[in-house]
1. Quick check on segment 1-48: of everything there that is part of a strand (DSSP E or B) and either at pLDDT below 95 or not aliphatic (A, V, I, L, M) (or both), which residue is surrounded by the most Cβ atoms within 10 Å (Cβ to Cβ)?
2. Within segment 143-154, identify whether any single residue is in contact with a strand residue (DSSP E or B) (Cβ under 8 Å, 6 or more places away or on another chain), of a type outside the set (V, I, T) and either modelled with pLDDT of 75 or more or not in a loop (DSSP other than H, G, I, E, B) (or both), and answer yes or no.
3. May I ask you to list the residues in segment 81-97 that are of a type in the set (A, V, I, L, M) and within 17 Å of the chain's Cα centre (by Cα)?
4. Go through the residues of segment 52-71 one by one and say whether even a single one is among the small types (G, A, S), modelled with pLDDT of 95 or more and either in a strand (DSSP E or B) or at positive phi (or both).
5. Can you pull out the residues in segment 94-130 that are part of a strand (DSSP E or B) and surrounded by fewer than 22 Cβ atoms within 10 Å (Cβ to Cβ)?
Amino acid sequence: MFNNIAYRYDFLNRFLSAGIDVWWRKKAISQLKTLAPKKILDVATGTGDVAILTYNILKPEKIIGIDISERMLELGRKKLEKLELNSHIELITGDSEVIRFEDNSFDAITVAFGVRNFQNLVMGMKEMHRVLKPGGKLVVLEFSKPTKAGFKNLYNFYMNYVAPNIGKLFAKNKDAYQYLNDSVQAFPEGQTFLNIMHEAGFTQTYLKKLSFGICAIYCGSK
């Protein structure tokens, strides 16, 4: 599915969110400023948006992005080449539930709009905890569901009808953007997700809601 929509993925992210997704990503990355990590893993990196923003904001020595969609990675590598960031960011094929790095390999891990796609959420969280160094930090950016009545109704209409039809128009794939809504509805957000982070071994967990609850940042340490 992600291979099929890769060529329109970045455009639709900006279009469907009216550009606010860039601000969400920056807010998530800012959670790592005090840590000043040198080596970062970006899980479900897609076309490398978060990896590129992270480098521009934090200037770590190395960022490795992993994703299962080779087509998304291809587009990301072209972006890196154009920006001359190949020596700082590497995008490789990788599964979040079987991360092919040694224990305690990274100072920080980021995941933007990816954890709700994990087939086995607990396994994916445990893998990220395993490859994180002691004292390291995980930052997860993920969609959530607003709770205020009027805004909630508008949000549900947008996600159920507007987003899938825009996806059909621009990416020729309505199902992918219906999946967006279905996966958001199914995601165990809020305190439930923080409990899953605890189960995976993370401590000092907290969450920050953004944009009336459309999105949330979840953080935890090792």
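The values are calculated or read from the model by the stated rules, or taken from the named source; none is laboratory data. Computed from a predicted model, the values in this text were never measured in an experiment. Glycine also receives a Cβ, built like all others from the backbone with ideal geometry; neighbour counts cover every protein chain displayed.
1. First, the residues of segment 1-48 that are part of a strand (DSSP E or B): 39-43.
This time we only want the ones that are either at pLDDT below 95 or not aliphatic (A, V, I, L, M) (or both), so: 39, 42.
Working: K39: 15, D42: 28.
Selected residue: D42.
2. Taking segment 143-154 as the starting set, the residues that turn out to be in contact with a strand residue (DSSP E or B) (Cβ under 8 Å, 6 or more places away or on another chain) are 143-144.
If we keep only those that are of a type outside the set (V, I, T) as well, we get 143-144.
Still in the running and either modelled with pLDDT of 75 or more or not in a loop (DSSP other than H, G, I, E, B) (or both): 143-144.
Yes - at least one qualifying residue is present in segment 143-154.
3. Initially, segment 81-97 is screened for residues of a type in the set (A, V, I, L, M), giving 83, 85, 89, 91-92.
Listed by number, the residues that qualify are I89, L91, I92.
4. Scanning segment 52-71 turns up at least one residue that is among the small types (G, A, S), modelled with pLDDT of 95 or more and either in a strand (DSSP E or B) or at positive phi (or both).
5. Filtering segment 94-130 for residues part of a strand (DSSP E or B) gives 95, 98, 106-112.
Selection gives D95, V98, D107.
Results for (1) outside any helix (DSSP H, G or I); (2) buried (at least 18 other Cβ atoms within 10 Å of the Cβ); (3) modelled with pLDDT under 85, shown as yes or no for each residue.
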| residue | (1), (2), (3) |
| --- | --- |
| G167 | no, yes, yes |
| Y177 | no, yes, yes |
| S183 | no, no, yes |
| E189 | yes, yes, no |
| T192 | no, no, no |
| M197 | no, yes, no |
| K208 | yes, no, no |
